Amino acid sequence: MDDRAFTKLTNYLSRIPAIETPIAHGADSTGWWVKFSIDIDHELAWQVVQELGHVLNYLSLNERLPTVFKPVSPPPYLNGGPRDFLSWVIECENLDFRPGTVADWLEGRLPRPVDDLAEWQDSEEE
């Protein structure tokens, strides 16, 4: 899987409030991943985590996406706190489920337009 396969997803993620760039990505023979940081001081940070967790981990109990969204960190006692060392990763162990497809799923379920803070705040009130 080359870098072009990640373009749609990384471009979409970079528009989501609180997600910081750069966004790293990679793939091997068993799957692919995308890794990024979230500004934990952003007013919508935890809402972003909740929305991504819902779509990528538990959209449907019967037909889950082949993705996992989770935090990753080096040992905090060696490095420091979450502002500098907490990252988030989307992993997929199914090479047929492409990063662009994940972008489509997110786009269909997150506030629209995704970079409009008012849309996120409106969805928070529902």
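Observations, loosely collected:
- Residue in the stretch 57-66 that is among the hydrophobic types (A, V, I, L, M, F, W, C) and in contact (Cβ under 8 Å) with a residue 40 or more places away in the chain present: yes
- Scanning the stretch 49-81 for residues that are surrounded by 13 or more Cβ atoms within 10 Å (Cβ to Cβ), closer than 21 Å to Trp120 by Cβ and out of contact with any strand residue (DSSP E or B) (no Cβ under 6 Å at 6 or more places or on another chain) yields a total of 5.
- Selection within the stretch 24-51 - closer than 18 Å to Lys70 by Cβ and polar (S, T, N, Q): Thr30, Ser37, Gln47, Gln50
- Counting the residues of the stretch 2-43 that are over 17 Å from Trp105 (Cβ atoms), in contact (Cβ under 8 Å) with a residue 40 or more places away in the chain, surrounded by 15 or more Cβ atoms within 10 Å (Cβ to Cβ) and more than 14 Å from the chain's Cα centre (by Cα) gives 1.
- Only one of the listed residues (Thr7, Thr21) is out of contact with any strand residue (DSSP E or B) (no Cβ under 8 Å at 6 or more places or on another chain) and more than 15 Å from Pro71 (Cα to Cα). That residue is Thr7.
Every number in this text was worked out from the coordinates using simple rules, so none of it is lab data. Predicted model, so just to flag it, every value in this text is computed and none were measured. Every residue, glycine as well, gets a Cβ built from its backbone with ideal geometry; the counts of neighbours run over all protein chains shown.
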